[in-house]
Amino acid sequence: MSHDYIPLHNRPKRDMSYSSSFVHKFLNQLQHHQQQNPSATQWDLPRYDAADEADQQVLVSRSTPHVFQLGTGASIFTSLLIPAIVSARSEIVLVTCFWAPSKTLSAITDALVKLANHRRHLPNQHDIEPLTVRICFSSRSVLQKLLHPQSRDGYTYSPAEWQKKLGLPDPSLLEEAGIRLQVKSLFFLPFSVMHPKFVIIDRQRAFIPSCNVSWEPWLEGCVEITGDAVSSLMSFYVLTWEKHVDFRKPLPTSHSSSRTSELQLIFVPSSAHHLVRPAASSAPLPTLVLPSSHHQNPQFRFLPWQKAAKPPATPLNVAMLELFEQARRSIYLQTPNLTCEPVIAALLDALKRGVHVTIVTGRNMMLLEQLVTAGTTTSWCLRSLVRRFKKLRTHAAHDLESGHPGLGHLRISYFQPRSATKAGKRGSQARAVNDAHMQDPEEEEPVHSHLKLTIVDGEYTVLGSGNMDRASWYTSQELGVLFHDAAFAESVREGVDLVLDQRLSLVFDSGNN
């Protein structure tokens, strides 16, 4: 299915010759699922046809990662995303899931006000190109979601609502400065949030963070990329949020030389703030842009003897299951929650093949959301995983005699604030949170990990919005970006390990149990 409005205009046909066996298997699996059940993807948002070459070139791409930033959401926004936003010459696309009063929102508003005043005082104002700012989100309150229009056109906020409802600057100030702001939300009952988070600057640079515009001091990550994958992200944005707008027209060329680096923007420091600069590569990295459409039917199975429903065969879900199936040495998984049964089953299969599995997740994080969207919790699922692993181990000796590989090593840890681990505390999460805030009133110490990261065999790295929970796999719209490069995987893992030092509480280690 060819999309006339995918912004791949004026670009040469993409070279897919690098495609690994993984990419071919992924595309074949995606085509197989779509051919077996064509009606299943009829209402996907967005929908991709795996047999269509144009759509394949959106999914299979290349990119150059420039930085990988770790920290809290506020520290990542104020150190990386907001400086990029104010540097834009023509267009800013900011997509997030949750929008709430917070240090991040205050910093965004402050930056837009300073940028507007800066533009108002530039010489030759009539020569300055308008700056379009597109803000998109899914959730800002329970009531907003309950009353949200169920149309795919979503809800567009009028300028009269920007300040009071969204905490954004005075519309007249923005208009006077030539800043054209558009704000839109999408949500579908019962649980279909638009969960992706990304920022695109002038259709040339893209940032994929894990953080929302929200108040929680959680551990987050963000990768900055350039290259063809930015166009793939732009097409994903168009298909979801602006399908009536023709993005094939190139952006106007701006010759403005305004020095926005002197705006004195707000910075929120974090004790977990760490910047990773991947080693320079001689060529852009093989990259998959992996969307996952929302689905309104959660496919719950309420009876204990019923098997878990298969997750929707979205590009992200298919790619993740294919990665787990192809893993030969190791799987590293960092996720806020782990409540998706197909993921747990895939990890057990990998362990049976001798693959080492490391899991970092959250303790008692968003418990109510877990119960509502999954009917279970991460702690229950982890206990089940360990029990099933131990059962496998009872058969390991027989398997070895039969020539089968031994079980892989399983290690599971909960994230917790560094202050709690330093003191060796095993008390309540509330006490750990309080200790974390007392550590330094000016620095944010993350109290949970919200980073979504998968590294397989030290070669494949997946970042984005998708959790390993039931909501991400069955109902929410998600977005993942897969990089195939061992050096990039190594640099990301080293940075994460550095930040996790003294922030992990061991739950299970098969080498010691």
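The antiparallel fraction among DSSP beta bridges confined to the chain stands at about 65%. For LYS452, a cut-off of 12 angstrom between C-alpha atoms picks up these aspartates and glutamates, skipping any fewer than 8 places away in its own chain: GLU220, ASP469, GLU478. Using a simple spin-label model with pseudo-atoms 7 Å out from Cα toward Cβ, SER141 and GLU490 lie 5.2 nm apart.
Relative contact order of the chain, please, whole-number percent, based on alpha carbon pairs below 8 angstrom and at least 6 residues apart.
Dividing the mean separation by the residue count of the chain yields 21 percent.
Any chance you could give the angle, 0 to 90 degrees and rounded to 10, that helix 315-326 forms with the longest Cα principal axis of the chain? Roughly 30 degrees between the two axes.
Each part gets one Cα centre, and for the stretch 140-157 versus the stretch 261-321 those centres are 23 Å apart. Given the choices (1) 50; (2) 30; (3) 45, percent of Cα pairs over 36 Å apart derived from the coordinates of this structure is entry (2). Name all residues of the stretch 64-104 having a backbone nitrogen under 17 Å from the label point set 7 Å from the Cα of TRP215 along its Cα→Cβ direction, giving them as ranges. Those under the cut-off are 73-75, 98-104.
Using 0.36 nm per residue, how much length does the chain from ALA308 to LYS25 gain when fully extended, once their Cα-Cα distance is taken away? Write down the numbers at each step before the final one.
On the way: separation 283, 0.36 × 283 = 101.88 nm, distance 2.42 nm.
Roughly 99.5 nm would be gained on extension.
What is the extension gain from ASN124 to SER39, computed as 0.36 nm multiplied by their sequence separation minus the C-alpha to C-alpha distance, in nm to one decimal? Walk me through the numbers on the way to the answer.
Details: separation 85, 0.36 × 85 = 30.60 nm, distance 5.57 nm.
Gain on stretching ASN124 to SER39: 25.0 nm.
The phi torsions of the stretch 488-497, fed into the Karplus equation with coefficients 6.51, -1.76 and 1.60 and a -60° offset, translate into couplings of 5, 4, 5, 5, 5, 5, 4, x, 5, 4 Hz, rounded to whole numbers, with Gly and Pro shown as x.
Ignoring aspartates and glutamates fewer than eight residues from LYS391 along the same chain, the ones with Cα atoms less than 16 angstrom from its Cα are ASP349, ASP399, ASP509. Here HIS395 and ALA283 are evaluated by their C-beta separation; at R0 = 45 Å the FRET efficiency comes out at 0.50. Accessible surface for the chain, divided over its residues, is 43 Å² per residue with a 1.4 Å probe.
Extending 7 Å from Cα along the Cβ direction at TYR155 and again at GLN182 yields two label points whose distance is 1.9 nm.
Across the stretch 284-299, coupling constants 3J(HN,Hα) worked out from phi with the 6.51/-1.76/1.60 Karplus curve, θ = phi - 60°, read x, 7, x, 9, 10, 9, 10, x, 9, 5, 6, 9, 6, 8, x, 6 Hz, and Gly and Pro carry x. If R₀ is 30 angstrom, what is the calculated FRET efficiency for the pair HIS274 and GLU369, using the beta carbon separation as r and rounding to 0.05? For R0 = 30 Å, the calculated efficiency reads 0.60. Axis angle, to the nearest 10 degrees, between helix 378-394 and the longest C-alpha principal axis of the chain: 30 degrees.
Do the sum for the chain: with -39,500 (n - 2.57) for every DSSP H run of n ≥ 4, divided by all residues, what is the mean residue ellipticity at 222 nm, to the nearest 500 deg cm²/dmol?
-10000 deg cm²/dmol
The modelled label-to-label distance for the pair GLN204/ARG353, using points 7 Å beyond Cα in the direction of Cβ, is 4.2 nm.
Summarise the accessible area of the chain (1.4 Å probe, protein heavy atoms) by the percent that is carbon and sulfur. Provide the component values of the computation, followed by the final result.
Details: 11380 of 21830 Å².
The value for the chain is 52 percent carbon and sulfur by accessible area.
Between ASP170 and ASP246, what is the FRET efficiency for a Förster distance of 35 Å, r being their Cβ-Cβ separation, to the nearest 0.05?
On the way: r = 30 Å, r/R0 = 0.87.
Plugging the Cβ-Cβ distance into 1/(1 + (r/R0)^6) gives 0.70.
Residues whose amide H comes within less than 5 Å of that of LEU285, counting only those at least five positions distant or on another chain, are SER63, THR64 (H built at 1.01 Å from N in the peptide plane).
Cross-link reach is defined here as a Cα-Cα straight distance under 20 Å, omitting same-chain residues fewer than 8 places apart; for LYS243 the lysines meeting it are LYS184, LYS197.
The values are calculated or read from the model by the stated rules, or taken from the named source; none is laboratory data. Note that this is a predicted model, so its numbers are computed, not measured. Cβ sites come from the backbone with ideal geometry, for glycine too, and all protein chains shown count toward neighbours. Remember, those area values only see protein heavy atoms, side chains included, never the ligands or the DNA or RNA. Shrake-Rupley method; radii C 1.70, N 1.55, O 1.52, S 1.80 Å.
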